[in-house]
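Taking it in order: structure first as structure tokens, then the write-up.
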Amino acid sequence: MGTSYIKNKRFWKGAFFVTAAAFIGKVLSALYRVPFQNMAGDQGLYVYQQIYPIYGAAMILSMYGFPVILSKIIVENTVNTGEGAAKNTAYAAFISLILFHVFLFLLAFAGAPWIAGWMGDANLERLIRSISPALLLIPVFSVVRGYYQGIGEMRPTAVSHLLEQVIRVSAILTLTAFTVWMGKNAYAAGQAAAAGSVLGSIGGAVYLLGFWFWKEKAIRVSWGETLKRLKEIHGKMVIYGILTACGAMVFILYQLVDAFTAARVMAANGIDPDQAKNLKGVFDRGQPLLQFGTVLAATFSMTVVPMIQQEELTGTRETSRRYASLAIRLTWFIGTAAAIGLIIIAEPVNIMLFENEKGTGAMQILAVTLIFSGIIMVTGAILQGQNCFLWPAVLLLLGLTLKLTANLILIPLFDIHGAAAATVAGMAVTAAGNTWVIYHKKYAYFPGIAWLVRAGAALAGMGAVIFVLKYGCDSFMEFTRLSAAGTALSAAVLGVMLQVSAVIHLSLFTKEEGMLLPAGNKLVNRMERKEQNRENRAKRK
């Protein structure tokens with residue numbers, strides 16, 4: 001691969017910087033649900049999860065959708081016409097997105113009664129209106145992040161995301177605690193959480209505006225050039241931005257399907273409506289846990305597109321394919337390891353986070369999606385980097401259609417376990433379809449049999465060790481919240497250590513690829529020491 005393979009190392013380091021911020025954000029996003037669920041109960045979690053897809057979709061569009069397509073346009077501008085057009089492109093994108101999102105805000109705010117009715121719960125109307133102002137902040141997030149990602153600066157994306165999450169989580173917990181203390185019901189707690197989410201997005205947007213004015217000092221707008229660029233990119237920004245975000249929105253879209261169907265279908269098939277809402281809340285416990293395994297994949301979705309596009313424009317398609325191949329192998333390896341681990345330790349994780357084991361079976365079924373969800377995100381990003389936007393969207397729609405159909409068939413038979421199985425089936429179809437397109441069009445190299453055998457051995461070994469640890473804990477103790485936490489965290493740390501060891505000792509990645517990973521220098525040094533030790537032993541023999 002040589003030095004050409006790592007010439008964009010700065011992009012990858014930026015990707016892992018964002019990964020760190022995204023991972024911390026996911027930790028906060030998962031952890032706040034613990035005190036929130038303890039304060040508001042499973043029905044309170046149901047209420048918030050019914051409206052969360054609206055907010056979640058807005059934030060994903062503003063991180064993995066519009067910024068990615070804007071960064072791609074800016075890379076094209078820089079290669080073709082120089083850096084001068086980049087800012088005019090950013091201003092044009094801002095105008096385009098403002099027009100689009102004012103329309104969406106008015107649609108959500110005015111249409112709240114109809115949306116709540118389709119969800120089968122008229123009490124959600126106020127909450128939908130409370131969360132809708134977040135739509136107005138997408139242009140700020142999207143344009144500032146996209147502009148700086150296009151020139152290789154990932155700090156604004158990372159810091160704004162982390163700041164938004166910290167403010168959001170703090171506000172949600174504070175406002176919810178006050179609401180519960182006042183003796184309000186689950187819907188009031190959900191509305192407090194909605195307000196906290198909007199406050200978080202305001203905080204992130206204020207930081208980005210401040211960074212822009214500090215970095216750029218003053219706004220110099222060539223309105224003639226900006227309007228010209230607006231005519232060129234308006235449709236492209238909106239349509240391709242949404243298509244680009246489809247992969248990263250996979251969990252949100254599946255949650256949206258469940259928001260409109262799960263509780264309604266259970267209630268329509270003889271389950272008491274309040275019990276159906278509680279069951280939906282129990283099912284929603286698994287949603288934040290699934291996102292841990294896809295943080296890396298979602299981050300690659302932001303960075304792989306401009307990197308591949310840059311290599312394609314400069315004629316180095318070999319490098320483009322190697323980037324894509326590494327991203328797929330790494331994502332599959334991490335996602336499969338996370339799935340195996342969560343399936344084994346789902347019970348202690350559930351007790352640790354949510355006090356009891358309710359919904360553990362559904363959580364274990366949902367864990368299988370970790371194998372597919374990251375692949376959906378990364379393969380979608382690779383296809384988009386090759387200007388192939390239609391296939392990922394069509395295959396995602398096919399998976400969602402299967403999910404909806406399976407929900408209607410399986411939920412009456414197996415309640416939330418049926419909803420979980422429907423999610424697995426839908427994602428598997430999309431992941432398989434995307435992967436087939438990539439290798440059929442030769443946008444990436446298929447992993448060799450030897451690599452698959454070594455990776456499979458590493459995953460099987462990790463699973464066996466964690467299973468023995470979990471089985472031993474089951475045999476000698478009854479899970480309390482404290483003992484469950486000890487078991488779950490010990491298993492997670494042990495799993496990570498085993499996988500890092502496997503990467504080194506089984507040579508799952510080359511030295512050049514290792515340099516692109518977090519702590520790459522240390523990883524490569526250990527790989528070199530291992531090779532040196534092997535050579536020394538061979539000489540002694």
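A straight chain from TYR471 to LEU107 at 0.36 nm per residue would run longer than the Cα-Cα distance by 125.8 nm.
Here the spin labels are modelled as points 7 Å beyond Cα on the Cα-Cβ line, and at ILE24 and ALA268 they lie 4.5 nm apart. The Cα center of segment 135-170 and the Cα center of segment 178-213 differ in position by 17 Å. Scoring 385-391, 188-194 by mean Cβ neighbours within 10 Å over their residues and listing the highest first yields 188-194, 385-391. Would you mind checking LYS236/LYS442; LYS280/LYS403; LYS87/LYS228; LYS280/LYS358; LYS215/LYS236 for any pair whose Cα atoms are more than 23 angstrom apart? In this structure, LYS236/LYS442; LYS215/LYS236 exceed 23 Å between Cα atoms. Distance between the modelled labels on GLU478 and ASN387, one decimal in nanometres: 6.6 nm (7 Å Cα→Cβ projection). Sequentially through segment 58-65, phi angles give Karplus couplings (6.51, -1.76, 1.60; θ = phi - 60°) of 4, 5, 5, 4, 7, 10, 10, x Hz, Gly and Pro residues having no value and appearing as x. Under the simplified labelling scheme, the LEU209-TYR445 pair shows an inter-label distance of 4.9 nm, with each label point 7 Å from Cα along Cα→Cβ. As a calculated quantity, the FRET efficiency between TRP181 and TRP118 at R0 = 41 Å, using C-beta atoms, amounts to about 0.80. Packing here is the average count of other Cβ atoms within 10 Å per residue, and on that basis the peptides 160-168, 50-58, 490-498, highest first, run 50-58, 160-168, 490-498. On the basis of the beta-carbon distance and an R0 of 51 Å, GLU355 and LYS228 show a calculated FRET efficiency of 0.30. The calculated FRET efficiency for GLU318 paired with VAL493, based on their beta-carbon distance and R0 = 35 Å, is about 0.35.
Distance from the alpha carbon centroid of segment 473-493 to that of segment 366-383 works out to 29 angstrom. GLU125 sits with roughly 60 Å² accessible to a 1.4 Å probe, with DNA, RNA and ligands left out of the calculation. Computed from phi, the 3J(HN,Hα) profile of segment 278-284 under the Karplus parametrisation 6.51, -1.76, 1.60 (θ = phi - 60°) reads 5, 4, 4, x, 5, 4, 6 Hz, with x in place of Gly and Pro.
Taking the Cβ of GLY111 as the centre, find all other residues whose Cβ is under 11 Å away and add up their charges (Lys, Arg: +1; Asp, Glu: -1).
It works out to a net charge of 0.
Derived scalar couplings between HN and Hα for segment 384-396 equal 5, x, 9, 6, 10, 9, 6, 4, x, 5, 5, 6, 5 Hz in order, rounded to whole Hz, by the Karplus curve 6.51 cos²θ - 1.76 cosθ + 1.60 (θ = phi - 60°), x for Gly and Pro.
The values are calculated or read from the model by the stated rules, or taken from the named source; none is laboratory data. Bear in mind that the values here come from a model prediction, so they are computed numbers and not experimental data. Neighbour counts are summed over all protein chains in view; Cβ atoms, including those assigned to glycine, are modelled from backbone coordinates with ideal geometry. These accessible areas exclude ligands, DNA and RNA; they are computed on the full protein's heavy atoms, side chains included. Shrake-Rupley method; radii C 1.70, N 1.55, O 1.52, S 1.80 Å.
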